[in-house]
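K.L.:
Below you will find the structure I want to go over with you.
The values are calculated or read from the model by the stated rules, or taken from the named source; none is laboratory data. Keep in mind that what you see is a predicted model, and the values were worked out from it rather than measured. Methodologically, a virtual Cβ is constructed for each residue, glycine included, from the backbone with ideal geometry; neighbour enumeration extends over all protein chains shown.
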Amino acid sequence: MKRFILLNLMIMLVYGAFAQKYQNFDVAIYCRAYEVEKMKDPVWLNQAWNEISKQVHVDKIYLETHRDLLIVDDEILESAKKFFAEKGVKVGGGITYTIDEMNNFETFCYVNHEHRQKVQEIAEHTAKHFDEFILDDFFFTSCKCDLCIEAKGETSWTDFRLDLMKKAAQDLIIEPSKKVNKNVEVVIKYPNWYEHFQGLGFNLEEEPAMFNGLYTGTETRNRSGNQHLQQYLGYAIFRYFENLKPGENRGGWVDTGGSNPLDRYAEQLWITLFAKAPEITLFDIRQMLYPVRENTRAEWQGTETSFDFDEMTESFKEIEGLEDTPVKYARAAGYSLEIVDKVLGELGNPVGVKSYKPFHSVGEDFLQNYLGMIGIPIDIVPEFPENEPMVILTETASFDPEIVSKIKSQLKNGGNILVTSGFYKNMQGKGIEDIVELRVSDRKAAVSEFAAGWGPATKIDKEIIIPQINYLTNDSWEIISARDDTNGWPILHSADYSRGKFYVLTIPDNFVDLYVLPENVLNRLRQIVTGHMNVSLEGPGDLSIFVYDNNSFVVESFLDEEVTVNAILPPEAVTLNEINSDIEIKGSERKAPVFRNRKFGKDVSVFEIKIKPHSFRAFKF
């Protein structure tokens, strides 16, 4: 009740006129060409801006000049620019290079002369009006017309499109734009399906250096939807693109798709900002005016979750002039951003376990995000990371022809490597056996019982399917084992090589089955993979931890019920302080087990934390 009263007082102070600026990030709203066209009507524009700006603070507006062959004329663009500039809002441009977005995102043909001319004209038109413009998701090509087939010849579609789109970027967009406006900055926004970019011509190896900046699509929507993207992707992809062009990944981008329950929308905004995006773009002005449906209120609401549907609704009712209108997505966004803004200032620079993904590689698609969903903080990098305590390699790393020698160098320097079963299988017969002789077979096992070191085996309610791995007894060792009715198979395997350890992690056929592994199995895996970090997690799957370099961290739960987890900290840590509250948690000492005078692991401090459904908590120690 006290929290509710204080909130209402704050609302009356803040929302009488306009939403206040956030302290740790900027907020932008993207406007499609269809809505920019509507801005020729000053009544519509004034009403839309008045409603949105009272619900969420807006620092910047992106005005799109083209989408689906609709080109907004000069007069409308200049009038809209003037309107927002007078409101103290920064204005940038935007282009969506689609011919018909509703026809499976029909793109331009970058071989067709007329299409190429139109692409250049749109870029020049945009550069004439803006000193910065952003290319929305669709600067790729899926065209397989006769012209493309002839131009491709005997090369692969991937190689053909990578070269085609690199040249199109330079010849049709960047150079013509800078001739029109020497001060223009061209930013390319990459969407969320990064594993498949090369097949459509997105060139992460060469394009980042060509463009002035990058932008990141961090929307994940419903993970059971047709993209199958896990929530953690919103964090991992921003960090990955930041590693492609350090300091010039200008923001994250979220739409309202898949926002049922509404907590999912808030989660996407939070995760983007936990990755330390300096700006977040809300797509789009039309969606910000959508009414929030009551059926998006989740069943766990009313339990003091991080996103409180009822509190959000009440905050909308107190906004002057909007009392008799339905609550909009703009308020859901504003409310969610206010919550996360209160903790971001205390978080340092993100850190995680390095996972190497070579350019244009495929295999075990998006697996790093599934690992992030079981409490392993991930930092995807485009170059092999040297001198790291632990490096994770999924199947994509097998695209590097020198990967075996790089692994050996890491191990000889005393670092550790964890590879997935998919990586090892793809490397069989290519020198990997010189490190450890395993065989990842095509045979499968259906397992439901697991053992992780000391203690009894743990059984789960479902069988999961894993590849069978064979190894030479006493040459390498099972750390975590899985069992069926009659046999056992390694889940985590360990081999010594020089001064380091080489681990093989067995990946279930269905990656989501990682989430149902028993807690003791996940805890042992986290202990090995993240043990060098100053904080690690104990608990079930469907949890993520975001770690920072200033002894701060965030734990976020994607579970539908309250969960109790342990934060594992160095033994000298005595108290854990929650950011933006006066809660202080006392730790307890846990001694490492000793057997025959040999100590296994290290002493730690354990802090018990309770987390509400689909909520986060942030701490410093």
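K.L.:
Being of a type in the set (G, A, S) and either buried (at least 22 other Cβ atoms within 10 Å of the Cβ) or closer than 16 Å to S615 by Cα (or both) is the filter here, so list the residues in region 331-348 that pass it.
P.N.:
Of all residues in region 331-348, those of a type in the set (G, A, S) come to 332-334, 336, 345, 348.
A332, A333, G334, S336 - these are the residues of region 331-348 that are of a type in the set (G, A, S) and either buried (at least 22 other Cβ atoms within 10 Å of the Cβ) or closer than 16 Å to S615 by Cα (or both).
K.L.:
Just to be sure before I move on: is G601 on the phi > 0 side of the Ramachandran plot, not aromatic (F, W, Y) and not assigned by TED's automatic domain parsing to the domain that holds A275 in the structure I sent?
P.N.:
Details: on the phi > 0 side of the Ramachandran plot: yes; not aromatic (F, W, Y): yes; not assigned by TED's automatic domain parsing to the domain that holds A275: yes.
Judged against the criteria, G601 is a match.
K.L.:
Any residue that is closer than 20 Å to R524 by Cβ and either charged (D, E, K, R) or not assigned by TED's automatic domain parsing to the domain that holds F553 (or both) - is there at least one of those in region 396-405? Break it down stepwise before answering.
P.N.:
Step one: filter region 396-405 for residues closer than 20 Å to R524 by Cβ, giving none.
Within region 396-405, not a single residue is closer than 20 Å to R524 by Cβ and either charged (D, E, K, R) or not assigned by TED's automatic domain parsing to the domain that holds F553 (or both).
K.L.:
Step by step: first the residues of region 454-474, then only those that are touching a residue at least 40 places away in the same chain (Cβ under 8 Å) and surrounded by 12 or more Cβ atoms within 10 Å (Cβ to Cβ), then the one that is nearest to G422 (Cα to Cα). Which residue is that?
P.N.:
This residue is P467.
K.L.:
Residues of region 567-581 being in a strand (DSSP E or B) and surrounded by fewer than 20 Cβ atoms within 10 Å (Cβ to Cβ), which ones? Spell out how you get there, then give the answer.
P.N.:
Quick first cut of region 567-581, residues in a strand (DSSP E or B) only: 567-569, 575-578.
Of everything in region 567-581, those that are in a strand (DSSP E or B) and surrounded by fewer than 20 Cβ atoms within 10 Å (Cβ to Cβ) turn out to be T575, N577, E578.
K.L.:
Going by the structure shown, is S448 hydroxyl-bearing (S, T, Y), assigned to a strand (DSSP E or B) and not assigned by TED's automatic domain parsing to the domain that holds I237? Walk me through how you get there before you give the answer.
P.N.:
On the way: hydroxyl-bearing (S, T, Y): yes; assigned to a strand (DSSP E or B): yes; not assigned by TED's automatic domain parsing to the domain that holds I237: yes.
So S448 fits the description; yes.
K.L.:
Tell me the residue from K317, K328 that is in contact (Cβ under 8 Å) with a residue 60 or more places away in the chain and either crowded, with 21+ Cβ neighbours inside 10 Å or more than 19 Å from Y215 (Cβ to Cβ) (or both), please. Please lay out each step first, then the result.
P.N.:
Details: K317 fails: in contact (Cβ under 8 Å) with a residue 60 or more places away in the chain.
It is K328.
K.L.:
Being out of contact with any strand residue (DSSP E or B) (no Cβ under 8 Å at 6 or more places or on another chain), in a helix (DSSP H, G or I) and closer than 21 Å to E124 by Cβ is the filter here, so list the residues in region 42-84 that pass it. Working first, answer last.
P.N.:
The first filter runs over region 42-84 and keeps only residues out of contact with any strand residue (DSSP E or B) (no Cβ under 8 Å at 6 or more places or on another chain), leaving 42-50, 53-54, 70, 73-76, 78-79, 82-83.
Going one step further and asking which of them are in a helix (DSSP H, G or I), we end up with 42-50, 53, 74-76, 78-79, 82-83.
Listed by number, the residues that qualify are D74, E75, I76, E78, S79.
One line per residue, one yes/no per condition, for (1) surrounded by fewer than 22 Cβ atoms within 10 Å (Cβ to Cβ); (2) part of a loop (DSSP other than H, G, I, E, B):
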position	(1), (2)
M102	yes, yes
A127	no, no
I149	yes, no
K167	yes, no
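K.L.:
Checking the condition closer than 20 Å to I378 by Cα and either assigned to a strand (DSSP E or B) or out of contact with any Gly (no Cβ under 9 Å at 6 or more places or on another chain) (or both), which residue from G234, G251 passes? Give the steps one after another, and end with the answer.
P.N.:
On the way: G234 fails: either assigned to a strand (DSSP E or B) or out of contact with any Gly (no Cβ under 9 Å at 6 or more places or on another chain) (or both).
Exactly one of G234, G251 is closer than 20 Å to I378 by Cα and either assigned to a strand (DSSP E or B) or out of contact with any Gly (no Cβ under 9 Å at 6 or more places or on another chain) (or both), namely G251.
K.L.:
Answer with yes or no whether F202 is assigned by TED's automatic domain parsing to the domain that holds I52 and in a helix (DSSP H, G or I). Spell out how you get there, then give the answer.
P.N.:
Details: assigned by TED's automatic domain parsing to the domain that holds I52: yes; in a helix (DSSP H, G or I): no.
No; evaluated as a whole, the condition is false for this residue.
K.L.:
Further, regarding this structure: Tell me, yes or no, whether region 240-257 has at least one residue that is at pLDDT below 95 and not assigned by TED's automatic domain parsing to the domain that holds N580. Full working, then the answer.
P.N.:
If we filter region 240-257 for residues that are at pLDDT below 95, which is where we start, we get 257.
From what's left, not assigned by TED's automatic domain parsing to the domain that holds N580: 257.
Yes: region 240-257 contains one or more residues that are at pLDDT below 95 and not assigned by TED's automatic domain parsing to the domain that holds N580.
Residues are listed down the side, and each one gets a yes or a no for (1) buried (at least 17 other Cβ atoms within 10 Å of the Cβ); (2) under 28 Å from L269 (Cα atoms); (3) in contact with a His (Cβ under 8 Å, 6 or more places away or on another chain); (4) without any contact (Cβ under 8 Å) to a residue 24 or more places away in the chain:
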| site | (1), (2), (3), (4) |
| --- | --- |
| V353 | yes, yes, no, no |
| F359 | yes, yes, no, no |
| G372 | yes, yes, no, no |
| E395 | yes, no, no, no |
| V404 | yes, no, no, no |
| S409 | no, no, no, yes |
| I417 | yes, no, no, no |
| T420 | yes, no, no, no |
| N426 | yes, no, no, no |
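K.L.:
A follow-up question, please. Name every residue in region 287-300 that is touching a residue at least 40 places away in the same chain (Cβ under 8 Å) and either out of contact with any strand residue (DSSP E or B) (no Cβ under 8 Å at 6 or more places or on another chain) or over 24 Å from W44 (Cβ atoms) (or both), in order of residue number. So that I can check it myself, show each step before the final result.
P.N.:
Within region 287-300, the first condition is being touching a residue at least 40 places away in the same chain (Cβ under 8 Å), and the residues that meet it are 287-289, 292, 298-300.
If the condition is that a residue be touching a residue at least 40 places away in the same chain (Cβ under 8 Å) and either out of contact with any strand residue (DSSP E or B) (no Cβ under 8 Å at 6 or more places or on another chain) or over 24 Å from W44 (Cβ atoms) (or both), then A298, E299, W300 are the ones that fit.
K.L.:
Which of the residues spanning region 278-299 are in contact with a helix residue (DSSP H, G or I) (Cβ under 9 Å, 6 or more places away or on another chain), over 16 Å from H57 (Cα atoms) and part of a loop (DSSP other than H, G, I, E, B)?
P.N.:
The answer is Y290, V292, R297, A298.
K.L.:
Where the second residue is surrounded by fewer than 14 Cβ atoms within 10 Å (Cβ to Cβ) and aromatic (F, W, Y) and the first is under 24 Å from K459 (Cα atoms) and lies in region 483-510, which pairs have Cβ atoms under 8 Å and are six or more apart or on separate chains?
P.N.:
Matching pairs, first to second residue: H493/W477; S494/W477.
K.L.:
Return a yes/no flag: does region 589-602 have any residue that is under 30 Å from P261 (Cα atoms) and touching a residue at least 12 places away in the same chain (Cβ under 8 Å).
P.N.:
Initially, region 589-602 is screened for residues under 30 Å from P261 (Cα atoms), giving none.
Among the residues of region 589-602, not one is under 30 Å from P261 (Cα atoms) and touching a residue at least 12 places away in the same chain (Cβ under 8 Å), which makes the answer no.
K.L.:
Hey, another quick one. Looking at Y515, Y424, Y503 in this structure, which one is of a type in the set (S, T, Y), assigned to a strand (DSSP E or B) and touching a helix residue (DSSP H, G or I) at 6+ places or on another chain (Cβ under 9 Å)?
P.N.:
Numbers: Y515 fails: assigned to a strand (DSSP E or B); Y424 fails: assigned to a strand (DSSP E or B).
Y503 is the lone residue from the list that is of a type in the set (S, T, Y), assigned to a strand (DSSP E or B) and touching a helix residue (DSSP H, G or I) at 6+ places or on another chain (Cβ under 9 Å).
K.L.:
I'm trying to understand the selection: among the residues of region 547-564, which are crowded, with 21+ Cβ neighbours inside 10 Å and either assigned by TED's automatic domain parsing to the domain that holds P261 or without any contact (Cβ under 8 Å) to a residue 60 or more places away in the chain (or both)?
P.N.:
S557
K.L.:
Just to verify a result, which residue in region 582-602, among those that are surrounded by 12 or more Cβ atoms within 10 Å (Cβ to Cβ), modelled with pLDDT of 90 or more and of a type outside the set (A, V, I, L, M, F, W, C), is farthest from G453 (Cα to Cα)?
P.N.:
G587
K.L.:
Which condition number does V535 fail, the rest of (1) under 30 Å from the mean Cα position of the chain (by Cα); (2) farther than 30 Å from I460 by Cβ being met?
P.N.:
All conditions pass for V535, except number (2).
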